[in-house]
1. Spot the failing condition for residue 151; the list is (1) in a helix (DSSP H, G or I); (2) free of Cβ contacts under 8 Å to residues at least 40 places away in the same chain; (3) surrounded by fewer than 21 Cβ atoms within 10 Å (Cβ to Cβ), and only one is missed.
2. Which members of the range 104-118 meet the condition of being outside any loop (DSSP other than H, G, I, E, B) and away from the ligand (no atom under 13 Å from the Cβ)?
3. Check residue 178 against each of (1) in contact with a Leu (Cβ under 9 Å, 6 or more places away or on another chain); (2) modelled with pLDDT of 95 or more and name the one condition it does not meet.
4. List the pairs whose first member sits in the range 76-91 and is within 18 Å of residue 43 (Cβ to Cβ), whose second member is of a type in the set (Lys, Arg) and outside any helix (DSSP H, G or I), and whose Cβ atoms are under 7 Å apart, counting only residues at least 6 apart or on separate chains?
5. Select from the range 43-56 the residues that are touching a strand residue (DSSP E or B) at 6+ places or on another chain (Cβ under 7 Å) and assigned to a helix (DSSP H, G or I) and list them in ascending order.
6. Within the range 176-208, can you find the residues that are buried (at least 17 other Cβ atoms within 10 Å of the Cβ) and in a helix (DSSP H, G or I)?
7. Criterion first (away from the ligand (no atom under 16 Å from the Cβ) and closer than 22 Å to residue 154 by Cβ) does residue 260 satisfy it?
8. Looking at residue 162, is it modelled with pLDDT of 95 or more, in a strand (DSSP E or B) and within 15 Å of the ligand (Cβ to nearest atom)?
Amino acid sequence: MRLRVQLAAVGMAWALTCGATMAQAPAFAWPGGQRAAVSLSYDDAVPSQLDNAIPALDRHGLKGTFYLILGAQTVRERLEDWRAAARNGHELGNHSLFHQCSAQGPGREWVQPEQDLDATSVAQMRAQVELANTMLHAIDGSTEFTYTAPCGDQRASDGNYIEAIAPLFLGIKLVGGAAIPDMLALDRAAVPVTVPVDMSGAELIALVEEAGRLGTMINFTFHGIGGDHLSIGNQAHEQLLAFLAAHRDRYWTATFREQMRWVRARQAQAANGVAEISPAPAR
Ligand SMILES: [Zn+2]
C-alpha cells in the first residue's frame, strides 16, 4: 500500500515536472520578449496612404509595408514620395505589376481583360512578378522581397502561380484569417491576413490583443486610410497606432520583411533542434 502511494507520488511529481516544462517552453520567441508581432500593410498604392497613413506612422515612429501595384498612378507620379518612405524605414512590397485577379464571381466587374488572372499563365505571372521585384530594387535598393497576392487569388490560367513565385519571396500574404495560430507551423508562402474595412479603433485593437493572447502575429491589410477604396477612417487608424506605440514592449510592429526574416530564422532553429534530438539513422 505504502509502495503504491509512493509510486503514485513519483508519478504525480513526474507529471508535474513535465507539465511545468511544457508550460515554460516558449512556443515562439519574438525579439525583446515581445508578446506578438503586428504587421501593418497597405495595398494598392492609393494616394491616401501617402497623404494620411505614412504621416501617421511617422508621427508614432512605427513602420509599415506598402504593397505597390507597380503600374499604379502614384508610382508614376509620386515615385519620390514612395522612395522617401522607403528611406524612412517603411517597406515597399510587391503587389504585382497590374493587379491581376480572377474576373469571375460577384464583385469582380472591375477586373479588365488585360488584368484577368484567368487569362494569364503561370509563366507570365512569374515573369511579371520578377520584373516588379526588379523595379522595387531600382526604387529603393532592396534585395529581399515580400508579396501580397492581388485579391488573394492564386489560380492563373494553367495552374497555381503562387507556388511558382514562392522561391522569390521571404513571405507571401494571402487573404483569409485573423491572428496566426502557430508561428513555427506557419507557411511563410501562405500567411493569412485580415482586411479591415470600416472597422473602429477598438475592433482593430481587439485583434491585436488576440494575437497577444496567442503569442503569435496579426497581419492587417489595409487599403484606403481616410479615403480611397476599402477604407478605414483616419480616427480608427490613429487609435490603433497610438495603442501600438504605447505598448511597444508587448507588440512588435515592424515591416513584414523584418518579421519574416525573424520567423525564417526561428523556424530554421526549431528544425535544427528537432534534428539534433532525433535518433541516429539505422545503419
Ligand atoms: Zn490589391
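The values are calculated or read from the model by the stated rules, or taken from the named source; none is laboratory data. Computed from a predicted structure; not experimentally measured. Here the Cβ is made from the backbone with ideal geometry for all residues, glycine too, and neighbour counts use every protein chain on show.
1. Here residue 151 meets the rest and fails (2).
2. Within the range 104-118, 113, 114, 116, 118 qualify.
3. Only one criterion is unmet by residue 178, namely (2).
4. As it stands, the answer is 90/63, since those pairs meet every condition given.
5. Correct list: 48, 49, 52, 53.
6. 201, 204, 205, 207, 208
7. Yes; evaluated as a whole, the condition is true for this residue.
8. The answer is no for residue 162.
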